[in-house]
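Report on the structure given below.
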Amino acid sequence: MNNEDLILYFDELLFLPDLKAKTKDELLKEIVDLFINVKYLKHSDNVLDMLHQRERLGSTGIGKGIAIPHGRTTSVFEIMIAFGKSKEGIDYDSIDGKPVHLVFMIIAPPQDENNMYLPILGKMVEILSKSKNRNKLIDAESFSEFIEVIEKG
């Protein structure tokens with residue numbers, strides 16, 4: 001997977017430049033509610049349950065201010081990714097104990113046609129491993145600025 005392929009999974013309607021959440025639970029609900037508000041999901045319960053179960057396996061707060069809550073559910077028919085950021089930071093129980101500022105929520109069906117779920121996760125981690133990309137994402141105020149960072153990665 002290359003960066004140009006990855007940007008196809010992002011949608012301006014799922015761009016949250018100013019998260020309100022202060023805790024992990026609030027964050028998960030805020031982003032899942034966005035999926036519902038833009039009509040990509042009908043109900044939040046199954047997806048929230050799936051995300052909470054995934055978090056019990058180990059925090060998706062991967063360190064360096066990043067969280068990638070993710071999972072598979074029958075509630076969706078295609079892979080969807082929401083992006084949100086918090087200038088203040090969110091208490092997320094991250095592996096490094098630091099607050100989360102950048103959040104990528106990936107929701108996928110149980111089986112996706114091209115089996116892209118894991119390659120997407122891998123590409124996200126690759127892009128986010130560079131501090132210059134993390135800094136540019138924190139500074140991105142618009143969806144087009146966000147996409148530019150992902151595309152150039």
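Quick note: the coordinates plus some simple rules give every number you see, no bench work behind them. Here the structure is a predicted model, which means the values were calculated and not measured. Neighbour counts run over all protein chains shown; Cβ positions are idealised from the backbone, glycine included.
Kindly provide the Kirkwood hydrodynamic radius of the chain in Å, to one decimal, from all pairs of distinct alpha carbon atoms. If you can, show how the numbers build up before the last one.
Details: mean 1/r = 0.0653 Å⁻¹.
When all Cα pairs of the chain are included, the Kirkwood radius is 15.3 Å.
Over the stretch 3-152, what is the relative contact order in percent, taking alpha-carbon pairs closer than 8 angstrom and at least six residues apart?
Working: 246 pairs, mean separation 40.3, N = 150.
About 27 percent, as a whole number.
Only residues of the stretch 115-134 count here: report those whose backbone N is under 19 Å from the spot 7 Å along Cα→Cβ of Phe77, or say none.
115-117
Looking at the chain, send over the antiparallel percent of its DSSP beta bridges, to the nearest 5.
50
Under unit Cβ charges (Lys, Arg +1; Asp, Glu -1), what dipole magnitude, rounded to 20 debye, does the stretch 89-146 have relative to its Cα centre?
Values: 6 positive and 9 negative charges, 55 e Å.
Magnitude of the dipole: close to 260 debye.
Given the peptides 3-14, 64-75, arrange them by the average over their residues of other C-beta atoms within 10 Å, most packed first.
64-75, 3-14
Quote the charge dipole size of the stretch 2-153 about the Cα centre in Debye, to the nearest 20; the model charges only the Cβ of Lys and Arg (+1) and of Asp and Glu (-1).
420
Under 17 Å between C-alpha atoms is the cut-off here; go through the stretch 5-72 and count lysine pairs that meet it, provided they're at least eight residues apart or on different chains.
Taking the Cα cut-off of 17 Å, the pair count is 4.
Residue by residue, what Karplus-based ³J(HN,Hα) values in Hz, rounded to whole numbers, does the stretch 23-34 have, using 6.51, -1.76 and 1.60 with θ = phi - 60° and x for Gly and Pro?
10, 4, 4, 4, 5, 4, 5, 4, 6, 4, 4, 4
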